[in-house]
Structures are given as structure tokens and as C-alpha cells.
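Trainee: I am attaching a structure below and will ask some questions about it afterwards.
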Amino acid sequence: MPLPAPVSRLCRRLFMAGLLAFAVPATAAAQLTIRIDDPNFEPLPIAIVAPQASNDDERSTAGRIAGVVTANLEGSGLFRAIDPSAFVQRDGSEVLAPRFNDWKGIGAEALITGRVFHRTNGDIRIEFRLWDVATGRQLVGRRLETGRANWRRLAHKMSDAIYRRLTGESGYFDTRVVYVAESGPVLKRVKRLAIMDQDGANHRFLTNGKNLVMTPRFSPSAQEITYLEFVGEQPRVYILDIDSGQREIVGEFEGMTFAPRFSPDGNRIVMSLARDGNSEIYAMDLRTRATERLTRHPAIDTSPSYAPDGSRIVFDSDRSGRQKIYVMNADGSGVRRISNRPGRYATPVWSPRGDLIAFTKLEAGAFFIGVMQPNGEGERILAQGYLAEGPTWAPNGRVLMYYKKPRGGTAQLYSIDLTGRNERPMSTPEDASDPAWSPLLED
Amino acid sequence: MKLKHALAVLAIALASVGCSTKPPKDGGANTRVTQSELAKPGPGKSWQEYTAPSRNGYSDRVFFAYDRFDLDKDAQATIRAWSEWMRAHRDATVLVEGHADERGTREYNLGLGAKRATAIRDMLIALGVNARRIRTVSYGKERPAVAGDDDDSYRQNRRGVARPSTGGA
Amino acid sequence: MKPPKNTAKKQPPKAVKKPPARKDPLDSVFKTVGKLKQSQQSDRDRTAARTPAGVKTAARGLRLTLSEIQAVRRQIQPCWNFPAGAQNAGALRVRITIWLNRDGSVRDAKILDGADTSRNAKLRAAADAGIRAVNNPRCSPLKLPPEKFDQWKVLTIDFDPSKLSSE
């Protein structure tokens, strides 16, 4: 319902200029502005109707897709799925014209409807729509298609589209997590690389446990993992191709290489090299194999992580006598300490959206997971534990995963959002540590 | 080589005899309890005997303070004994492991373990052991010696361990 | 998209309690609600500026009092949900003009600076959140004195999350 043009123009002038003493006709004086500055962070009530289907097979797929979408959205902490038993309109039959008053009546503010098709070529197709219940507007309408075995990715992509429309930020559901699966007695721990979907599905092991492995990290394409493996008594950085299982050592150095991470363009690996006991940070170009030493200090310099634009590197060093976080240019110049509070600061990881650096902090016998701005200001602690370590960012920079171990307990993965209010354990077949979140998967 | 071995064994034998005490006779009226330290095994012994705790041998490990890699007096004495053993076993090489407790982050602890192993290596070299006979490795917090989430466990896990092997053999 | 228009007819105007008369409503509100000081200040300025000096006494009874404004604020606020952890929240300020029926129900709502929302997904999401807030049945119809309808038949709600930026 458009405003009469003069009024609309007037509004704009009024509020853009803020010149309130302007000659305003008395009739327009009704235009009172009421400012509200304390939003709520309650999960948005959303109704997720299982997509419409025309036979039992399709109905089963539809139900599973709705289940995955529900788990994803609820797991984000930003949505509350309304219990389908409360639905007035149950069968998803009004895919194109939902009865919005029914949905309003049960408190839904957003609604997802859809249709599922099993195609004769073995594909699944889903057509879904996201609706704003209050206004009856369609916010998203999309068709997705993939092989039947791949149905979970379809549900994840659907979740990402909904999340993106309603939050304005990219999703993180069509992603994977690589981590270290731990088994066996404490003194003879068996550690294997394992990979799974972000929600724990499609779990598989990538190494056999013969060699000690740790600290896996994804390449920007999510096709490769760089990690540390002990071959005999030689701890070395390797790259593993996830699909082929091929493994390759990253450079032949005299001394231990560890703490590897890809550069944002995937062309370089930055890592620590301990030579004569002194750990320094090096970058290696994966195409030319040229290496560049970035730090020169007798202290321990480790846990490097690139800024998303590749221009800077944040790292951990005890050069001041205790572990603190430093930032330097990608060529090693301009080293600057950014963490200035008491306590030991470690494992800095630059957020994919660039605005924050996540870290592990040790203070007074406890471990904390927190974030700070790249200039060191605005520190916030999000989680803590007897042992909590190794944050990794979801690709949208709003959620972190890390591992935690209670006193006398075993290590487990957790995720938490930036508010610190939504900490959730991840279920894994074995004890779990050192998680790394992949970027959004490509189509 | 063999001659040196033999000499070393002889030296230990003599030392053992010299330090032993006479047992009291059966039914004797001797109420005095005598005690004396057993001699530490000589460097000619096998590493197992040299470092066997039940024989009051030298330790095969040294300990570090939290987040430190400097060697205290006990550690220095132990490493001196290791160097003597190395001198008596010219064909032996040694792997020096550096370990950390779990109260540190994984990557930093690898760096810390490397510093600990290197501190030991440097002292061995200073005591005359050829650098080529020493390898170091850091396990960080990956291979604790004892399980347990208490200060005593942490203390035992912050360690450097010598693992010699007889060269070539 | 037009909102349903029948809601207005279904819901009879509710009796609205008259706010207690105050000599200067500003004083008492400032004492209790310090953090809202700034916005109230601008509300007052605006109202004052628009009231011709000559009709001041007569208009006074018809103007919305600050406590009435505060009541609207309190009524809408619980329905304003903002995605937690949003980046640069200060840039996501959205002003929404609402047209009200006499019973206080929302007849229509429009984003004031709507041009930007089509280009900026975050701003668009923030604008949607504002639209949801003013339309949410939990928070409407707005409880306003019917005799002052002319004063509130069109309101602008300024959803300003900028103070989150400092967190």
C-alpha cells in the first residue's frame, strides 16, 4: 500500500535530514517516531511442514528432509521449530497458498512449505518456499535437485537458503567437520582423522590409527586437509586428499613441522618449524615449494592463522615470557601484540568474515574459548572448561566449534554461537578433539 | 670396545664389593640397624639396569616446572649420568623425548616439548656426547606418562625421557 | 503485499486507561527510564516543534504523553527479534512507518528507507524483523487512547540495534 507521494517524500526528508524544526504542516504532526533499541534474541518461531509427496517413498524422503532442516535451524539457536502436532494445516497441501491466519494462530512467524519428487532418473527434486506469515509474502522460492543418496545435502542447502534469507548472513549447514577421533587408554591413545557432515551424519575415518595424528585443517576448497602426523619419531605436516586418500608431506625440513594452516587462496601453507628446539613460523608455496621464514625469535612462535584476505597472520608467541597473541603482515613484517590482558592466550583463529579472532585462553587453572577484535579490543569469553581448546569457525563467522574435556572425563566436540548462549555438544562415535570446520561446500 | 666394556663391568663389580655391608649373624645380639646406600649401577650396565628404579638406579627421565624448559639440579645430575652411560656405550645413540602436561594448548606444547628435548640435548653435547648420536622428538601432551588430572600427574608428565639404542645393532 | 484488512473490524476498540495527569510528564519518566533518555528527548523535540505556540494549551490534552509512547515501546519491543550475533548491528537500523486502525491494529507497515534493503541481505533481514514485530499478533493491537487517534494513526517505529555493536 504505497503512501501518497507527498507524504512519503515528506517522511524521507524528515527522517533522513533529522531537521525537525523544518516547516512541517500541522497535519503531518501525527508522524511520531518511537525508537526501540533493545531487541530480543528469542529464537524465531518457524513452522516446517514436511514437503508434500505423492507416494510413500516420497513421503519418507519428505519426512527425513524436514527432520534435517528442523535440526539444522534449531541447532543454530536462532529458530524454534513449532511442534507439527500443533499445525492446523497439516498435510502441506496448500503449498502455494497457505492459510496464514492458521499459522498466525499457532504463533508461527515464518513458514516453510514444499513438494518432493522422486524422479525416474534416480534424482530427488524439492521445491520449497519460505513465507513471512504476518504479511503473507513469499521470501524464498527455490527448486533443488540431486541424486537420491545425496538427499541430506539437499536438506542442508535448503536450510542454508532459509537461514540466509531470515538472518541476512550466509548459512553453514552444507559443510563438513574434520576432527581427531580418540580411542584406547589414556597412556596409549589411538588417534585417527575422521570426517563427518556438520550435523554428525556421514561419519568416516580417514586414517587407520597406526600413526599419531592431530590438528587437521581444511583447504579452502574443502577437498584437502593439512594436519600433523608422527611417522615413527618424525612429526611432520602432511596434506591429505579426502577423496583419493593420497597423502603428501609438506616439504622436507630438518626438524619438526607442526601447526599447519592453508592460506585463504589455498596456495600456501603456514606452519611452525622447530629447528634446534626453536619454533618459528614459515610459509611454504605449494606450487613452487619455496619457503619463507616469517618470524625470528628464540621464543615459541606457533598456531599461525591468515586473515581472510591473506594480508596478515595472527599467531601465538611466548616472546613476552607468556603466551600472547600477535599479528604480523603476511611477509612477517610489522609484528604487533594484540592481547594485553593477563593469562595465556593461544590458538588464535581469524574469523572468515574478518571481524574477530577466536582464541583459547588459560587462566587460573581453567581454559576458556573467546573472541576479540583484530586490534585486541572487545574480548568476550564464550565458553570455558577444565580443558577447552582449539576453536574453529563456521564459514559464516557466527558459530565456533572446539573441544572440551571435563576433569577426569573424555574429550568431546561442542559448538557455540557468538552470543555464547547456545552451546551444544556434537555427537561422535568416539572421543573427539581438534575439530576443523570446512567452508561451504561447492555444488 | 669390548675392552672398555670389560673395564667398566670390573669397575662396577669393585664398587659393589666396596660398598656392601656384612650381614649380621643368625641369632646374634646385634641390635644395631646399619644402613647404607646401594651403589648406583655403573655406566657399563645396560640402560635397563642403569635406570632400573628397583636398583636405585638413575632415572631415565627428568622433570620440568610448568611452562619451563630449564634444567634444575636434579635434572642436571641425571643428564650427567646419562652422558657417562653414553660415554661407556660408544655405539649407542639416544632419542630424547620432550613432553608436556595437558595444561597447555596442543601446538604450543609441541613447541615446549621441543625446547625441553633440546635443553637436554644441549647439555649432553656440553658434556661431550657427539651431537650426531642424539635425536630429539617432541610429543607435546600426546603421550602422558601417567593418567590423571591432578598436580602430581602433571608434574610427572612434564618430562624429558632418554631412550638409547645400541647403535647399528 | 497488502495485509489483511478485516482485523480492524473484528476487534472492537479497547478501552484505554487514561494516563494519570502530570504537570510535566517528562520529569517522572526521565527519573525512571534513564537509558531511553535520548530517544525521548527527540520525541519531545519533535512534538514541541510541531505544535504551534498559539494552540499549545488546547493541543496538550490531545498529544500523546510520554508514558503513552513508552507503553507503545513496551508493547512492540517483545516482538522485535534480532538475529543474535549479527555483525555490525549499528548499520542495521530500520525505520518502519505503520498505519493504524482506530482499534490500534496495524493496517499497513512500510520500510522507510526501503531502497537499500534489496541490495543488502542483512538490512533486508533486519527490515523483515521490524515488519514482523509490528505485525505480530502477540504485540498488537497497540493500546492507545482512541480520542487521540489523529496523533497516532501514523507512527514511525525506529528499530535501532546499534547498541549491540559495542558488545
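The values are calculated or read from the model by the stated rules, or taken from the named source; none is laboratory data. What you are looking at is a predicted structure, and each value in this text was computed from that prediction instead of being measured. Because the Cβ atoms are built from the backbone with ideal geometry, glycine has one as well, and the counts that use them run over all protein chains shown. Ligands, DNA and RNA are stripped out before the accessible areas are found, and what is left, the full protein with its side chains, is counted by its heavy atoms. Shrake-Rupley method; radii C 1.70, N 1.55, O 1.52, S 1.80 Å.
Trainee: Taking 50 Å² as the minimum loss, tell me which residues in the stretch C:73-92 lose that much accessible area going from the chain by itself to the full protein complex (1.4 Å probe).
Mentor: Output list: C:R73, C:Q77, C:W80, C:N81, C:P83, C:A84, C:G85, C:Q87.
Trainee: Need the C-alpha centroid separation for the stretch A:115-162 versus the stretch A:27-87, integer Å.
Mentor: That distance is 15 Å.
Trainee: Can you give me the P(r) profile for the stretch B:47-165? Cα pairs, bins 10 angstrom wide beginning at 0, each as a whole percent.
Mentor: Distribution as computed: 15, 47, 31, 6, 0 percent.
Trainee: Which whole number gives the average, over all residues in B:109-122, of C-beta atoms from other chains lying within 10 Å of the residue C-beta?
Mentor: Across the residues of B:109-122, the mean count of other-chain Cβ atoms within 10 Å is 6.
Trainee: For C:124-135, what's the mean count of beta carbons from other chains sitting within 10 Å of each residue's beta carbon?
Mentor: Taking the mean over all residues of the peptide, I get 5.
Trainee: Which sequence of A:F368, B:F69 reflects their accessible areas, 1.4 Å probe, from the largest down?
Mentor: If we order A:F368, B:F69 from most to least accessible, we get B:F69, A:F368.
Trainee: Round to a whole number: what % of the accessible area of chain A belongs to carbon and sulfur, probe 1.4 Å?
Mentor: 48
Trainee: Okay, next question. Once A and B are treated as a pair rather than alone, how much accessible area drops out, both sides summed, in Å² to 100, probe 1.4 Å?
Mentor: 3100
Trainee: Could you check how much of the accessible area of the stretch B:47-165 is carbon and sulfur, as a whole percent, using a 1.4 Å probe?
Mentor: About 46 percent, which is the carbon plus sulfur part of the accessible surface.
Trainee: For n ≥ 4 DSSP H runs only, could you compute -39500 (n - 2.57) per run for chain A, divide by its residues and tell me the 222 nm figure to the nearest 500?
Mentor: Using -39500 (n - 2.57) per qualifying helix, the result is -4000 deg cm²/dmol.
Trainee: Counting only other chains, what is the mean number of Cβ atoms within 10 angstrom of the Cβ of each residue in peptide B:132-139? Before the final figure, lay out the partial values.
Mentor: On the way: counts 0, 0, 0, 2, 6, 6, 7, 4.
Taking the mean over all residues of the peptide, I get 3.
Trainee: Residues of the stretch A:100-136 with accessible area at least 30 Å² lower in the all-protein-chain context than alone (1.4 Å probe)?
Mentor: A:K104, A:E109, A:D132, A:A134, A:T135
Trainee: Same structure, new question: When the Kirkwood hydrodynamic radius is evaluated over all pairs of different C-alpha atoms of the stretch A:323-429, what value in angstrom, to one decimal, is obtained?
Mentor: Details: mean 1/r = 0.0706 Å⁻¹.
Result for the stretch A:323-429 stands at 14.2 Å.
Trainee: Where the centre of each part is set by its Cα atoms, how far does the stretch B:76-91 sit from the stretch C:70-108, in angstrom?
Mentor: Cα centres, the stretch B:76-91 to the stretch C:70-108: 78 Å.
Trainee: Along each of the three principal axes of the Cα atoms of the stretch A:26-182, give the extent in whole Å, ordering the values from largest to smallest.
Mentor: Result, largest extent first: 68, 44, 26 Å.
Trainee: May I pose another question? Provide C:S162, A:S433 ordered by accessible surface of protein heavy atoms (probe 1.4 Å), highest first. Before the final figure, lay out each step's value.
Mentor: Values: C:S162 50, A:S433 0 Å².
If we order C:S162, A:S433 from most to least accessible, we get C:S162, A:S433.
Trainee: A:F87: accessible area at probe 1.4 Å, nearest 10 Å²?
Mentor: Surface accessible to solvent at A:F87 totals approximately 10 Å².
Trainee: To the nearest 10 Å², what's A:F79's accessible area with a 1.4 Å probe?
Mentor: Here the residue's solvent-accessible area equals roughly 10 Å².
Trainee: Relative to the first principal axis of the alpha-carbon coordinates of chain A, what is the inclination of helix A:151-167, with its axis defined by its Cα atoms, in degrees from 0 to 90 and to the nearest 10?
Mentor: 70
Trainee: Then there is this: Would you calculate the separation in nanometres between label points at B:D149 and A:T288, each defined as 7 Å from the Cα along the Cα-to-beta-carbon direction?
Mentor: Modelled inter-label distance: 4.9 nm.
Trainee: Pairs A:K191/B:K45; A:K157/C:K122; A:K361/B:K115; A:K324/A:K405; A:K104/A:K404; A:K210/B:K40: which exceed 30 Å Cα-Cα?
Mentor: Working: A:K191/B:K45 37 Å; A:K157/C:K122 19 Å; A:K361/B:K115 22 Å; A:K324/A:K405 23 Å; A:K104/A:K404 41 Å; A:K210/B:K40 38 Å.
Long pairs (Cα-Cα over 30 Å): A:K191/B:K45; A:K104/A:K404; A:K210/B:K40.
Trainee: So what does A:L32 come to for accessible area, using a 1.4 Å probe and Å² rounded to 10?
Mentor: Its heavy atoms expose roughly 10 Å² to the probe.
Trainee: Have a look at the stretch A:32-54 and report residues whose accessible surface goes down by 30 Å² or more when the remaining protein chains are included, against the chain on its own, probe 1.4 Å, ligands and DNA/RNA excluded.
Mentor: Hits at the 30 Å² cut-off: A:L32, A:T33, A:I34, A:R35, A:I36, A:D37, A:D38, A:P39, A:N40, A:F41, A:E42, A:L44.
Trainee: Sticking with this structure for a sec: Would you mind calculating the gained length between A:R125 and A:I381 on full extension (0.36 nm times residue separation, minus the Cα-Cα distance), in nm to one decimal?
Mentor: Between A:R125 and A:I381, full extension yields an extra 87.9 nm.
Trainee: Where q = 0.13, 0.24 Å⁻¹, what log10 of I(q)/I(0) comes from the Debye formula for the stretch A:194-290, counting one point per Cα?
Mentor: Once normalised to I(0) and log-transformed, intensities are -0.45, -1.35.
Trainee: Under a 1.4 Å probe, what is the accessible area of chain A per residue, stated in Å²? All intermediate terms of the calculation are to be shown ahead of the outcome.
Mentor: On the way: 17340 Å² over 443 residues.
Here the residues of chain A average 39 Å² of exposed surface.
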